[in-house]
Amino acid sequence: MAKYSSAVLIGTAIFISTVFFASTGSAQFDWTIVGDLPLVGHDPVHANPYGLALHPDPAAGLAYVALAGEVAPAGEPASLYSGRFIVEFGVDTLAVVRTFEVGFFPTELAVSPDGAELYATTSTESTLFRIDLASGVVTPLPITGSIGDPIAFLSGVEFSPDGTEIWVASNGGSFDGSSENFIIVDRGSGLVTDRLVIPGGLSRFAVRADGRVVLPVGFPGDDFTAAPEIRIYDSSNWTLIATLPVPVDTADFPAPSDIVLSADSGRAYLTIFGGAAEVIVVDVDSATLLPPLILGGADFVQTAVALTSDGATLAVADFFGGRVRAIDRITGALESELFGLALPNSMIPVAGRLFVTEQGLERIAVIALPGAFLRGDPNRDGTVNLADGIAILQYLFSGGALACADAGDLDDGGAIDVADAVAVFAYLFQGGTSPSAPFPLAGGDSPSSDPYDCNP
């Protein structure tokens, strides 16, 4: 391909702009799938992606997904059914960076606050796996009860607020012979230092910065006819502050599936798998239940819940319905609904996007959240093309408007100038540098002080 100077490119663009106006399309990305990461082939068995975790440093641009596979039938070897790999991938590129081999049926993940280590629970094995993210070294940490017996069915995992302990939940009730279902692990030594006796199944739980823990319990007392309950603890001495029965129909054996804290940590939102077409709301400060957010329709089988970056909207996944519903976190009013997913299981918001594991398609779907845009696409027609460079020149020299001004700042430098138009043409015709994130997937802007948004 012939190379053209920047001056020639600008001159050509100005000439073209006098012949026709740049497209002012109005493509909106909000609540649409803008990309996906196929996970087939990264584990010898079916991927069945489960838990997700985000690296705490935005500059790293990394996230992690556990490939659980399937539960081995009784008497069959786990190696034929259960997955055993964790995948590290880029949140902007959706490229797999590394894979880490852990134990069978990995489920939940947590990255240390300093970004140095990743921890993974495994349901088939009574082991917590520590991954050193600098070296990639994987270390198994056995999880045992007070008499030395293995604690099975490990599930939820979170860090203490100061990052010195890892807290692990067991979802197996007393099927392993013990009700020591909440385990405290010292991060430095990797040893179990304490255990809480909580009869029932524990999975995902929420930890507040002040150390208050909101812990949903399924089948409390190992009673499969019992409704779930929420226990709230003060982790400074593990005092039980409150036990809140969850008022749901028990005919479908409901169990807690996911929980998320509001941006100010004043409320916790709990989803229930079976028995409830509503999101349970907890006032964490007063340790009381608030009126639930009604989803409507008895067939809404909830798996995951996530909060958008602005803190205003809850996304709730319907496992069998293959959809994500966006609701106002205060009123429960429906804001949007996205169909076409296949068994969505876990969700995390990342850089103006929502990453969703789809067990049915063995992939991660990427959904653009409200306000998402594509850098280099200021006319918002959904792609970066010649018309975008022309739109920037018209904005600068003839009073033209940009449908998304932020997208016209190609390097996210805080100012739109001729260099941004040149960057569009150079990228298209000279193999120039790609626009800054969000690109090539629509998403949110990086933290900056620029004056631009996606309005003219």
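The values are calculated or read from the model by the stated rules, or taken from the named source; none is laboratory data. Owing to the predicted nature of the structure, the values given are computational and were not obtained by experimental measurement. Glycine also receives a Cβ, built like all others from the backbone with ideal geometry; neighbour counts cover every protein chain displayed. In case anyone asks, the SASA skips ligands and DNA or RNA and just uses the protein heavy atoms, side chains included. Shrake-Rupley method; radii C 1.70, N 1.55, O 1.52, S 1.80 Å.
Just subtract the alpha-carbon distance of residue 397 and residue 193 from 0.36 nm times their residue separation and send over the number in nm, one decimal. Provide the component values of the computation, followed by the final result.
Working: separation 204, 0.36 × 204 = 73.44 nm, distance 6.73 nm.
Gain on extension, residue 397 to residue 193, equals 66.7 nm.
Using amide H atoms built 1.01 Å from N in the peptide plane, name the residues 5+ places from residue 353, or on other chains, whose amide H lies under 5 Å from its own.
369, 444
Can you compute the modelled spin-label distance between residue 80 and residue 411, with each label point 7 Å from Cα toward Cβ, in nm?
5.9 nm
Using only the Cα atoms of region 55-182, build the gyration tensor, take square roots of its eigenvalues as a ≥ b ≥ c, and label the shape rounded, prolate or oblate: rounded if a/c is under 1.5, else prolate if a/b is larger than b/c, else oblate. Show your work: numbers first, answer last.
Details: a/c = 2.39, a/b = 1.38, b/c = 1.73.
Here region 55-182 falls in the oblate category.
Alpha carbon centre of region 184-225 versus region 229-247: separation in Å?
After rounding, the separation between the Cα centres reads 10 Å.
Determine the gain in length on full extension of the stretch residue 240-residue 310; use 0.36 nm per residue of separation and subtract their C-alpha separation, reporting nm with one decimal.
On the way: separation 70, 0.36 × 70 = 25.20 nm, distance 3.18 nm.
Residue separation times 0.36 nm, minus the Cα-Cα distance, leaves 22.0 nm.
Using Cα pairs closer than 8 Å and at least 6 residues apart in sequence, work out the relative contact order for region 177-268, in percent. Could the numbers behind the result be given before it?
On the way: 178 pairs, mean separation 19.2, N = 92.
Taking the mean separation of contacting Cα pairs over the length of region 177-268, I get 21 percent.
Multiply the residue gap between residue 337 and residue 98 by 0.36 nm, knock off their C-alpha separation, and tell me the result in nm, one decimal place. It would help to have the intermediate numbers written out before the result.
Numbers: separation 239, 0.36 × 239 = 86.04 nm, distance 3.33 nm.
Residue separation times 0.36 nm, minus the Cα-Cα distance, leaves 82.7 nm.
Label points 7 Å out from Cα along the Cβ direction at residue 132 and residue 286: separation in nm?
Label at residue 132, label at residue 286, 5.0 nm between them.
Rounded to the nearest 500 deg cm²/dmol, what is the calculated helix-only ellipticity per residue at 222 nm for the chain, with -39500 (n - 2.57) per DSSP H run of length n ≥ 4? Walk me through the numbers on the way to the answer.
Numbers: 3 runs with 38 residues, N = 456.
Using -39500 (n - 2.57) per qualifying helix, the result is -2500 deg cm²/dmol.
Any idea what angle helix 386-397 forms with the longest principal axis of the chain, computed on alpha-carbon atoms, 0 to 90 degrees, nearest 10?
70 degrees
Would you mind getting the accessible area per residue of the chain, heavy atoms of the protein chains only, 1.4 Å probe, in Å²? Before the final figure, lay out the partial values.
Details: 17990 Å² over 456 residues.
Solvent-accessible surface per residue comes out at 39 Å².
How much of the accessible area of the chain, probe 1.4 Å, is carbon plus sulfur, in whole percent?
Values: 10100 of 17990 Å².
Within the chain, the accessible surface is 56 percent carbon and sulfur.
With an 8 Å cut-off on Cα pairs and a minimum separation of 6 or more residues, tell me the relative contact order of the chain in percent.
Details: 1242 pairs, mean separation 58.9, N = 456.
With pairs under 8 Å counted, the relative contact order is 13 percent.
Taking the Cα centroid of region 330-392 and of region 105-136, what is the distance between the two, rounded to the nearest whole Å?
Answer, in whole Å: 28.
With the calculation restricted to Cα positions, what are the radius of gyration and Dmax of the chain in angstrom?
Radius of gyration, then largest Cα-Cα span, for the chain: 24.3, 82 Å.
When only Cα pairs under 8 Å and 6 or more residues apart are kept, what is the percent relative contact order across region 392-446? Mind dumping the intermediate values first?
Values: 47 pairs, mean separation 13.6, N = 55.
Dividing the mean separation by the residue count of region 392-446 yields 25 percent.
Can you classify region 227-278 as rounded, prolate or oblate using the Cα gyration tensor, where a ≥ b ≥ c are the square roots of its eigenvalues, rounded means a/c under 1.5, and otherwise it's prolate if a/b beats b/c and oblate if not?
Numbers: a/c = 2.91, a/b = 1.57, b/c = 1.86.
Oblate is the answer for region 227-278, as a/c is 1.5 or above yet b/c matches or exceeds a/b.
What is the ratio of the Cα radius of gyration of region 128-220 to 2.2 N^0.38 Å, where N is its residue count, to two decimals? The partial results should precede the final answer.
Values: Rg = 13.1 Å, N = 93, 2.2 N^0.38 = 12.3 Å.
Ratio of Rg to 2.2 N^0.38 Å for region 128-220: 1.06.
Kindly list the residues of region 364-401 that lie in the label zone of residue 453, defined by a backbone N under 13 Å from the point 7 Å along the Cα-to-C-beta vector.
Once the point is set 7 Å along Cα→Cβ of residue 453, 371-372 turn out to lie under 13 Å by backbone N, inside region 364-401.
Would you work out if region 375-428 is rounded, prolate or oblate? Take a ≥ b ≥ c from the square roots of the eigenvalues of the alpha-carbon gyration tensor; rounded if a/c is under 1.5, else prolate when a/b is larger than b/c, oblate otherwise.
Details: a/c = 1.20, a/b = 1.06, b/c = 1.13.
In terms of gyration-tensor shape, rounded.
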